[in-house]
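The values are calculated or read from the model by the stated rules, or taken from the named source; none is laboratory data. Fair warning: this is a prediction, and the values are worked out from it, not measured in the lab. Cβ placement follows ideal geometry from the backbone for every residue including glycine, while neighbour counts extend to all protein chains displayed. Each accessible area value is taken on the protein alone, full model and side chains, heavy atoms only, with ligands, DNA and RNA left out. Shrake-Rupley method; radii C 1.70, N 1.55, O 1.52, S 1.80 Å.
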Amino acid sequence: MDSLLNGTWENTTLNVSPPSHSSFNGLNLLMELKMLFVPLYAMLVLVACCGNLFLLFLIGLNKKLHSTTNFLIGNLALADLVMCLFCVPLTVFYAFDERGWVFGHIMCRFVTLMQTATVFAAVLSLTAIAVDRYIVVAYPIRRRVGRHFCTGLVLSIWLCALVMSIPATLHTVYLDLSAAGHQMAVCEEFWQGQELGRLIYSCFFLLLSYFVPLAAVSISYCAISCHLQHRATQGLIAAIPSNQEKWGRKRRKTFRLLLISVLCFAFSWLPLQVVNLIRDLDTDFVILSKSHVNVIQISCHLLAMSSACFNPFIYASLHDKFLSYLCRNMFHRPRQSQAQSSSTTSSRFPRQHTGSTVAGIPMAASKTIQDEI
């Protein structure tokens, strides 16, 4: 769990001793800002839960949205939802309650496991989404994978996330400070005598939860933009000149949304990753003083958790099918069935023999890209 209560407990011994008055300076300052942070966290949880729940229901209720990309988007929404429901409220309660951690030692380790696992699951889902989007654009007429593969991929993401969360969970300790004269308890990571192991895991966490996903997403989306730009010049949709302008608008919209998703991920998680790294290296609180480390870290934590709010809106806007189903289900009434003539009946089926196969491939690929993007 992110150490939001008091950074001075991170590197203390497990032998409880009365802490100095300066150890609680940062906690006192944090309590003074409680009326600012609590409403912000409440708004964050409300918006994130509503957005991610809606996205999950939309994907689950519409079979036409059951594709690899949408399953991964749904998995990202699930990870953000679990974090907002089970991790963020307890963490905020821990940070702003003078009694510290009041949920017991079992929940202490469970919340640590789930919070770390949901972070890994979210970033792995973001990486998988970026790779899948590239495959859709680079190989538009390639046969898509089935539901069993999507299920296995999602389960693999969560399994990897849980495995990578085990070290932090094993080193999380619930410590009652009543023996030291303080009516409070802490739930923190203690790596006493294993400073090298803690530093290795911190670098491992930083690498796999930030730099690797950021590099993968950036490279993949740059490749997507290049493919989309070359696709128009290579005559993929040149058979119908009227589609050129439509394709250009879609390409620019896709590029903007991809750029926004990369920037939002980078800037929302960077401050917290930097602060965590500084705290692991600066055990004497020279760079981040004890009186300000709590406020700095909870501010960075709030910014990082805000990614759960804008992720569903970014990826729903990226996929036109989400918007079309939203408009049709919420604003349009179902139409009554009408008698269909032979001409309208024939339009429901693809025309398989109206042109040469070679001429039909570019148009099919164009339609596939437009549908998937």
Next item on the list: Test Gly74 against the stated conditions and say whether it is small (Gly, Ala, Ser), crowded, with 20+ Cβ neighbours inside 10 Å and either under 16 Å from the mean Cα position of the chain (by Cα) or more than 17 Å from Val217 (Cα to Cα) (or both).
Entry: yes
Notebook entry, point to check: Of everything in the stretch 256-266 that's open to solvent by 40 Å² or more (accessible area, probe 1.4 Å) and touching a residue at least 12 places away in the same chain (Cβ under 8 Å), which residue is farthest from Val131 (Cα to Cα)?
Noted result: Ile260
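Results for (1) closer than 18 Å to Val88 by Cα; (2) under 24 Å from the mean Cα position of the chain (by Cα); (3) open to solvent by 50 Å² or more (accessible area, probe 1.4 Å); (4) at pLDDT 80 or above, shown as yes or no for each residue.
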{"residue": "Leu270", "(1), (2), (3), (4)": "no, yes, yes, yes"}
{"residue": "Leu277", "(1), (2), (3), (4)": "no, yes, yes, yes"}
{"residue": "Thr283", "(1), (2), (3), (4)": "no, no, yes, no"}
{"residue": "His292", "(1), (2), (3), (4)": "no, no, yes, yes"}
{"residue": "Val295", "(1), (2), (3), (4)": "yes, yes, no, yes"}
{"residue": "Ser307", "(1), (2), (3), (4)": "yes, yes, no, yes"}
{"residue": "Phe310", "(1), (2), (3), (4)": "yes, yes, yes, yes"}
{"residue": "Ala316", "(1), (2), (3), (4)": "no, yes, no, no"}
Next item on the list: Can you confirm whether the stretch 131-141 contains a residue that is outside any helix (DSSP H, G or I), farther than 23 Å from Asn75 by Cα and touching a Pro at 6+ places or on another chain (Cβ under 8 Å)?
Entry: no
Item checked: Considering residues of the stretch 36-52 that are in contact (Cβ under 8 Å) with a residue 40 or more places away in the chain and over 15 Å from the mean Cα position of the chain (by Cα) only, the residue farthest from Phe93 (Cα to Cα) -> Leu40
Item checked: Filter result (under 21 Å from Arg133 (Cα atoms) and free of Cβ contacts under 8 Å to residues at least 40 places away in the same chain) within the stretch 195-218 -> Phe211, Ala215
Next item on the list: Mind telling me which of the residues Tyr210, Tyr221, Tyr174 ends up being touching a Leu at 6+ places or on another chain (Cβ under 9 Å), of a type outside the set (A, V, I, L, M, F, W, C) and farther than 22 Å from Val275 by Cα?
Entry: Tyr221
Note to self: Among (1) open to solvent by 70 Å² or more (accessible area, probe 1.4 Å); (2) under 24 Å from Ser307 (Cβ atoms); (3) not aromatic (Phe, Trp, Tyr), there is one condition Thr127 misses while meeting the rest; what is its number?
What the structure shows: (1)
Item checked: Residue satisfying condition, being within 22 Å of Leu159 (Cα to Cα), in a helix (DSSP H, G or I) and modelled with pLDDT under 85, within set Phe71, Phe110, Phe24, Phe86 -> Phe86
Check: Restricted to the stretch 173-194, and to residues that are in a helix (DSSP H, G or I) and in contact (Cβ under 8 Å) with a residue 40 or more places away in the chain, which residue is surrounded by the most Cβ atoms within 10 Å (Cβ to Cβ)?
Finding: Ala180
Margin query: So Leu61 ticks every box in (1) touching a residue at least 12 places away in the same chain (Cβ under 8 Å); (2) open to solvent by 50 Å² or more (accessible area, probe 1.4 Å) but one. Which box is left unticked?
Written below: (1)
Next item on the list: Assess whether Ala215 counts as being open to solvent by 30 Å² or more (accessible area, probe 1.4 Å), farther than 29 Å from Ile106 by Cα and not basic (Lys, Arg).
Entry: yes
Check: What number of residues within the stretch 34-58 are among the small types (Gly, Ala, Ser) and open to solvent by 50 Å² or more (accessible area, probe 1.4 Å)?
Finding: 1
